[in-house]
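Worksheet for the structure shown next.
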Amino acid sequence: MTAPDGATETSRGEHDLPDVSSLTVGVLGGTGDLGSGLAYRLAKAGQRVVIGSRSVERAEAVAAELGLGVRGADNAAAAAAGEIVIIAVPWDGHRALLESFRTELAGKVVIDCVNPLGFDKHGAHVLRPDEGSAAQQAAALLPDSHVTAAFHHVSAKLLLDREAEQIDTDVMVLGDSRAATDMAQALACRIPGMRGIFAGRLRNAHQVESLTANLISVNRRYRAHAGLRVTDV
């Protein structure tokens with residue numbers, strides 16, 4: 001089988017992915033539920049984690065609550081400290097944050113997990129950014145970074161549940177750099193129960209981000225914390 005970039009495709013299991021265990025992960029928006037949940041799970045797996053916020057005091061307070069060696073800082077310091085940086089801010093602050101930290105994020109793998117969604121009395125609905133998706137907006141704003149998309153469908157409540165030993169879900173990873181998507185997959189695989197699955201180039205990120213609206217509807221109807229599993233992989 002031929003890969004999209006012309007290379008020969010081979011089966012790539014978790015053991016083929018790079019070792020990211022020694023890298024520091026910065027989480028911008030790390031005091032929100034998803035950001036702090038990912039920080040907690042990665043730190044529990046032994047990753048060095050720095051969570052960022054607009055308020056240093058808020059970041060330090062949440063870091064203290066999470067424990068496990070998680071450090072709190074402002075977003076600029078977290079962006080500078082992270083060798084891999086996760087973007088977990090609300091959609092309405094996405095553009096401004098990335099424009100502010102283009103220099104700090106240059107040369108780094110950036111994992112965007114932002115879902116452009118709106119909410120009304122009928123529930124969640126999809127928004128369509130001019131660039132096509134949040135991840136494509138990130139790539140346009142961060143031309144010197146290696147932007148990937150991942151962690152869109154992970155339940156923040158489960159991530160923060162200290163009684164949950166593992167998170168049984170697959171993480172769809174998208175990106176235009178094979179090395180960057182391998183690193184994002186490897187980071188997802190650090191969390192027990194989780195797998196990182198390559199799901200295409202960034203031009204396909206809109207579908208993945210949008211599926212979150214469907215999962216929110218599933219969770220509301222069934223009072224669940226539904227995730228995704230990819231079969232036969």
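Observations, loosely collected:
- Electrostatic dipole magnitude of the chain [Cβ: Lys, Arg +1; Asp, Glu -1; Cα centre; debye, to 20]: 480
- Point-to-point label distance, Lys121-Asp232, nm (Cα→Cβ direction, 7 Å offset): 4.5
- Counting DSSP beta bridges with both ends in segment 94-233, the antiparallel % (nearest 5): 40
- Local electrostatic count at Ala213 - Lys and Arg +1, Asp and Glu -1, tallied over other residues with Cβ under 15 Å: +2
- Relative contact order [Cα under 8 Å, 6+ residues apart], segment 147-219, whole percent: 34
- The chain shape via C-alpha gyration tensor axes, a/c threshold 1.5: rounded
- Residues in the chain average 48 Å² of solvent-accessible surface per residue, probe 1.4 Å, ligands and nucleic acids excluded.
- Taking the Cα centre of segment 134-186 as origin and assigning +1 to Lys and Arg Cβ atoms and -1 to Asp and Glu Cβ atoms, the resulting dipole is close to 160 debye.
- Spin-label pair Arg102-Glu163: with each label point 7 Å from Cα along the Cα-Cβ axis, the two points sit 4.8 nm from one another.
- Against the empirical curve 2.2 N^0.38 Å, the C-alpha radius of gyration of segment 141-231 lands at a ratio of 1.12.
- Just the protein heavy atoms count here, and of the accessible area of the chain at 1.4 Å, carbon and sulfur take up 49 percent.
- Checking every one of the GluC sites (Glu not before Pro) in segment 55-102 against DSSP loop status and a limit of 16 other Cβ atoms within 10 Å picks out Glu83.
- For the chain, averaging the sequence separation of C-alpha pairs within contact (under 8 Å, six or more residues apart) and dividing by the residue count gives a relative contact order of 18 percent.
The values are calculated or read from the model by the stated rules, or taken from the named source; none is laboratory data. The model shown is predicted, which means the values in this text are computed figures rather than measured ones. Neighbour counts run over all protein chains shown; Cβ positions are idealised from the backbone, glycine included. In case anyone asks, the SASA skips ligands and DNA or RNA and just uses the protein heavy atoms, side chains included. Shrake-Rupley method; radii C 1.70, N 1.55, O 1.52, S 1.80 Å.
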